[in-house]
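Worksheet: one structure, shown below.
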Amino acid sequence: RRRSGPGTEFYEYREYQPGDDTRRLDWQKSLATGRPQLRQLQQYYQSDWFICIDASASMLLPGLDKFKLAAQVAAAAAYLLLEQGNRVGLLQFSSGLDARVAPGRGRYQYQALCRQLLAANNSSGGNGSNPGICASAAGTSGHGLFVISDFLGTNSPLSGLDLLRNKQRELHALQITSADELTLPDPDAYNAACRLRDSETGAIRELPDAAQAVTQASAILERQQARLRADCARRHIHLSQASTRHDWMHVLRAHLQTNRRVSR
């Protein structure tokens, strides 16, 4: 984040006003516009950020790579924030708060964040997903939060995001899904009844018509994603949605570009 103030890098031009430092007048720009133009310099200011990562069972299902992508994006975002002088911490959640890395700066802080991401990747995942649990763990208002999740819990994802939005100055959200969630592993299963077990609750569901169930699941996911986009836009939550078919660099770049459009 940047704003006009004491610094060494150019920020923008503005018209000269009585009392301004005449040493910052840009004579070439002034001649071009016909009015005295002042060069404004910029200063960067730092803040505390928490990256909140979903480590529920649905994120850590083998073969889907959702948590792998989430961890890569989290590590890259943490690196960028640390490079800008911010303090960065990590909140790992499922139905409750699983781990907390206090905000810090520098190389050793980045190593601590990466160690926790690796530890979470090797776990089996918690039951349920409740991003709102991060509200109290983040502490006082004024932090920036970046929530990475599939937002596929039984409760509305907006209930948790609303709680975070009310307490924090800036809230980013990234939804990660996988196309493999909408397929059955055995092609022969499409032509017969099958049973599915919920990875988070353990509940068993009978599917008398597997092919129809797959079609319905795809339509439900599309509606849920559209509702999440609309709700986040109304609440000024910077949301982007990604699939595991993309790499972390594409996902993070797309989120930053989306956020830039929202900010304008």
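The values are calculated or read from the model by the stated rules, or taken from the named source; none is laboratory data. Everything quoted here is computed from the prediction, not taken from an experiment. Ideal geometry is used to build each Cβ from the backbone, glycine not excepted, and the neighbour counts take in all protein chains shown. To get the accessible areas, we keep the full protein, side chains included, count just its heavy atoms, and leave off ligands, DNA and RNA. Shrake-Rupley method; radii C 1.70, N 1.55, O 1.52, S 1.80 Å.
Under the definition of Cα pairs under 8 Å and six or more residues apart, what whole-number percent is the relative contact order of the chain?
Relative contact order for the chain comes out at 17 percent.
At R0 = 30 Å, how high is the FRET efficiency between Arg197 and Gln225 if r is their beta carbon distance? Nearest 0.05 is fine. Efficiency, from the Cβ-Cβ distance: 0.80.
The accessible-area ordering, largest first, of the residues Tyr13, Tyr108 stands as Tyr108, Tyr13, per a 1.4 angstrom probe. Only protein heavy atoms count here; under a 1.4 Å probe, Lys68 has an accessible surface of about 110 Å². Taken one residue at a time, the phi angles of region 23-34 give Karplus couplings (6.51, -1.76, 1.60, θ = phi - 60°) of 5, 9, 5, 9, 5, 5, 5, 5, 5, 5, 9, x Hz. Gly and Pro are set to x.
Taking all protein chains into account, the per residue accessible area for region 78-228 stands at 52 Å² (1.4 Å probe).
Once you list every other residue whose beta carbon is under 15 Å from the beta carbon of Ala219, what net charge do they have if Lys and Arg are +1 and Asp and Glu are -1? Taking every other residue near Ala219 into account, the sum is -1.
Of the solvent-accessible surface of the chain, computed with a 1.4 Å probe and all protein chains present, 50% belongs to carbon and sulfur.
So what's the convex hull volume per residue for the Cα atoms of the chain, in Å³?
157 Å³
Annotation: average projected area of region 22-145 is 11.4 square nanometres, based on the convex hull of Cα atoms across all directions.
The simple spin-label model puts a point 7 Å past each Cα toward its Cβ; for Phe10 and Arg245 those points are separated by 4.3 nm.
Could you compute how much accessible surface Trp49 exposes when probed at 1.4 Å, giving the result in Å² to the nearest 10? Counting only protein heavy atoms, the figure is 20 Å².
Here the calculated FRET efficiency for Asp162 and Leu97, from their Cβ-Cβ distance with R0 = 22 Å, stands at 0.75, rounded to the nearest 0.05. Neighbours of Glu206, meaning other residues whose beta-carbon lies under 12 angstrom from its beta-carbon, give a summed charge of +2 when Lys and Arg score +1 and Asp and Glu score -1.
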